[in-house]
Amino acid sequence: MVIIYDKHRRSFVVVAMLYDRLFKKMGLQTLLIPTPTNEKEREYLEGQYAEHRVLHITQGRDFVPIPWAYNIACPAHEWSRYPQPWIRQLDCFQEVWVYSHHILEVLRSSGLQAPVYWVPQSLENEHITAKTQWEASAPFKFLFCGEPHFRKGHHLLIEGFLRAFPKPGVATLTIKTTPDCSWDSPREDIQMLKLFVDPHEWLR
């Protein structure tokens with residue numbers, strides 16, 4: 001199984017590593033390859049893996065199937081509708097795997113004709129003891145994790161926190177983001193953790 005993934009998108013790297021681990025446990029040989037960035041790299045892949053099963057973990061116009069291979073696309077965007085150029089790209093694949101029922105329905109309503117399947121990510125869920133105490137006590141603690149992209153809604157989160165807790169000391173908000181985040185905390189009870197965690201550490 002060849003897994004082509006976007007090396008520059010950390011979340012895609014983690015998904016690729018999870019599939020790699022799963023397929024190996026199933027007894028399959030795997031090969032992780034970054035998504036081609038130019039025609040020379042793509043031509044090389046087409047020459048090397050024409051008769052393989054190929055899982056594509058990328059987005060948009062980078063969903064390019066390898067001729068004569070069995071191509072599986074893994075789109076992850078949870079929009080209300082997919083752009084038609086993207087749908088045309090995905091229709092060139094033998095299968096489409098999605099991580100949520102929402103994406104499945106959106107792809108179908110957007111006109112996707114290729115077979116699409118709900119395939120949850122291969123996570124090893126730890127047993128978490130059921131919560132029995134529901135009474136909250138101050139100071140309340142909130143945690144948010146996400147890269148500093150506008151679509152993540154950090155600005156809305158911070159605004160909502162400041163409105164809900166206009167006086168410091170009642171609650172704390174910790175935002176775990178990446179070192180390239182240029183935002184500063186507006187108040188002492190909002191902490192910005194700008195840390196890079198290697199994807200291998202996520203899977204320990």
Worksheet entry | Within-13-Å neighbourhood charge of Val2 [Cβ basis; K, R +1; D, E -1] | -2
Discussion item. Explain nothing, just the number: dipole magnitude of the stretch 140-202 about its Cα centre with +1 on each Lys and Arg Cβ and -1 on each Asp and Glu Cβ, in debye rounded to the nearest 20.
Written reply: 300
Response to the item:
Short to long, in 10 Å steps from zero, the percent of alpha-carbon pairs of the chain per bin is 7, 26, 28, 23, 12, 4, 0
Item to complete: Using a cut-off of under 18 Å, list every residue of the stretch 132-162 whose amide N is near the label point 7 Å from the Cα of Leu195 along the Cα-to-beta-carbon line.
Response: 141-148
Worksheet item: Counting alpha carbon pairs within less than 8 Å and at least 6 residues apart, what relative contact order, in whole percent, applies to the stretch 2-118?
Response: 21
Fill in: Packing-based order for 164-171, 69-76, 134-141, 13-20, using average beta carbon neighbours within 10 Å, highest first
69-76, 13-20, 164-171, 134-141
Worksheet item: What is the extension gain from Ala138 to Glu39, computed as 0.36 nm multiplied by their sequence separation minus the C-alpha to C-alpha distance, in nm to one decimal?
Response: 29.9 nm
Discussion item. Placing unit charges on C-beta atoms (Lys and Arg positive, Asp and Glu negative, everything else neutral), compute the dipole magnitude of the stretch 1-103 about its Cα centre in debye, rounded to 20.
Written reply: 340
Practice prompt. Quick one: which residues, 5+ away or cross-chain, put their amide H under 5 Å from the amide H of Ile57? H built at 1.01 Å from N.
Written response: Ile4, Tyr5, Asp6
Worksheet entry | Loop-located GluC sites (Glu not before Pro) in the stretch 18-62 whose Cβ has at most 11 other Cβ within 10 Å (DSSP) | Glu51
Discussion item. Skipping prolines and chain starts, which residues have an amide H placed within reach, meaning under 5 Å, of the one on Gln191, given they are 5 or more residues away or on another chain?
Written reply: Leu173, Thr174, Ile175
Worksheet entry | Highest-fluctuation residue, Arg187, Arg88, Arg61 considered, GNM on the chain with Cα pairs under 10 Å | Arg187
Worksheet item: Between Gly60, Asn38, His155, whose Cα lies farthest towards the positive end of the dipole of the chain when Lys and Arg beta carbons carry +1 and Asp and Glu beta carbons carry -1, centred on the Cα centre?
Response: His155
Fill in: Rounded tilt (10° steps) of 154-164 against the dominant C-alpha axis of the chain
20
Discussion item. Of Val106, Tyr82, Thr172, which is farthest towards the positive pole of the chain's charge dipole, taken about the Cα centre with +1 and -1 on the beta-carbons of Lys, Arg and Asp, Glu respectively?
Written reply: Thr172
Worksheet, complete the sentence: Between the Cα axis of helix 39-48 and the main Cα principal axis of the chain, the angle (0 to 90°, nearest 10) is 60
Worksheet item: What is the Cα convex hull volume of the stretch 140-202 when expressed per residue in Å³?
Response: 84
Worksheet item: If contacts are Cα pairs under 8 angstrom and at least 6 residues apart, what is the relative contact order of the chain in percent?
Response: 14
Worksheet entry | Range of Cα positions in the stretch 2-118 per principal axis (Å), largest first | 35, 31, 25
Item to complete: Check cross-link reach from Lys194 to the aspartates and glutamates: straight Cα distance under 15 Å, and skip same-chain residues fewer than eight apart.
Response: Glu147, Asp180, Asp184
Item to complete: Determine the dipole magnitude for the chain: charges of +1 sit on the beta-carbon of Lys and Arg, -1 on that of Asp and Glu, nothing else is charged, the reference point is the Cα centre, and the result goes in debye to the nearest 20.
Response: 340
Worksheet item: What list of ³J(HN,Hα) couplings, whole Hz, do you get for the stretch 70-77 from phi and the Karplus terms 6.51, -1.76, 1.60, once you set θ to phi - 60° and write x for glycine and proline?
Response: 8, 9, 10, 9, 10, x, 10, 6
Discussion item. Please list 3J(HN,Hα) in residue order for the stretch 25-34, calculated via the Karplus relation 6.51 cos²θ - 1.76 cosθ + 1.60 where θ = phi - 60°; whole Hz, with x for glycine and proline.
Written reply: 5, 7, x, 8, 7, 10, 9, 8, 9, x
Worksheet, complete the sentence: Straight-line reach check, Lys25, cutoff 25 Å on alpha carbons, 8 or more apart in-chain or any other chain, hits among lysines -> Lys7
Worksheet entry | Of Ile3, Met17, Ile190, farthest towards positive along the dipole that unit charges on Lys, Arg, Asp, Glu beta carbons give the chain | Ile190
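None of the figures in this text is laboratory data; all of them are computed from the coordinates on show. Owing to the predicted nature of the structure, the values given are computational and were not obtained by experimental measurement. Neighbour counts run over all protein chains shown; Cβ positions are idealised from the backbone, glycine included.
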